[in-house]
Amino acid sequence: MLPSIVLRATSGLMVDLSKEGRPWLVVYCYPRTGRPDEEPPGGAAAWNAIPGARGCTPQSCAYRDHYGELAALGATVYGLSTQDTEYQSEAARRLHLPFPLVSDARLDFARALRLPTFAFAGSELIKRLTMIARAGRMEEGLYPVFPSDADAGRVVEWLRSRSSGRAGLRR
């Protein structure tokens, strides 16, 4: 079961992910988004050397591009990272995301589910993974997620298999 923890969303609302979904909830977790023309903390070379760290913006853009399909399949979408809501809001606006990002800056949600994390430049970040839930219960977890920009398409495929009665996708 998803924990009942309230997180701040870029929509301005406080969100309890355990109560979200219509009927499906898709939460893609990502380490951090960067800003154009701004080095990540610790530098680009150090960030790029971490397996799976790169790709947060392409992942978010893929969810944006597949949003119509996801919504048609009954999915509510959220992106989740440990960045604060102000930082996330800039990314949501710049990337024209039609869904909110939620901040788990204190790692309450991540720790409750024992999600994998890693330390970088003095911050604890969530590793890239995707959760699919229904009525507050985890139905599928995708980890590791690679390449990041293919994640949303895999989720669409998984949801379609559920709506047509075929066996689900496992990675």
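The values are calculated or read from the model by the stated rules, or taken from the named source; none is laboratory data. None of these values were measured; they are calculated from a predicted model. Ideal geometry is used to build each Cβ from the backbone, glycine not excepted, and the neighbour counts take in all protein chains shown. We work out accessible area using only protein heavy atoms, side chains counted, and drop any ligands, DNA or RNA first. Shrake-Rupley method; radii C 1.70, N 1.55, O 1.52, S 1.80 Å.
Could you tell me how many degrees, from 0 to 90 and to the nearest 10, lie between the Cα long axis of helix 85-94 and the main elongation axis, the longest principal axis, of the Cα atoms of the chain? For 85-94 against the chain, the angle is about 70 degrees.
Percent of alpha carbon pairs in the stretch 82-156 separated by more than 22 Å?
On the way: 834 of 2775 pairs.
When every Cα pair of the stretch 82-156 is considered, 30 percent fall beyond 22 Å.
The stretch between Ala135 and Glu90 holds 13.2 nm of extra length on full extension. This uses 0.36 nm per residue minus the Cα-Cα distance. Here the Gaussian network model covers the chain, with springs between Cα atoms less than 10 Å apart; of Ala62, Ala105, Ala46, Ala46 fluctuates the most. The Kirkwood radius of the stretch 1-147, taken over pairs of alpha-carbon atoms, gives through the Stokes-Einstein law at 10 °C and 1.306 mPa s a diffusion coefficient of 103 µm² s⁻¹. Computed from Cα positions, the angle between helix 151-164 and the longest principal axis of the chain comes to roughly 10 degrees. The modelled label-to-label distance for the pair Ala71/Tyr143, using points 7 Å beyond Cα in the direction of Cβ, is 3.0 nm. Helix 56-65 and the longest principal axis of the C-alpha atoms of the chain enclose an angle of approximately 30°. Radius of gyration (Cα atoms) of the stretch 1-75, expressed as a multiple of 2.2 N^0.38 Å: 1.35. Structural descriptor for the stretch 45-146: relative contact order 21 percent, calculated from alpha carbon pairs under 8 angstrom and at least 6 residues apart. Entry comment: accessible area of the chain is 48 Å² per residue, from protein heavy atoms only and a probe of 1.4 Å. Only helices enter this figure: runs of n ≥ 4 DSSP H residues, each worth -39500 (n - 2.57), summed and divided by the residues of the chain, yield -8000 deg cm²/dmol at 222 nm to the nearest 500.
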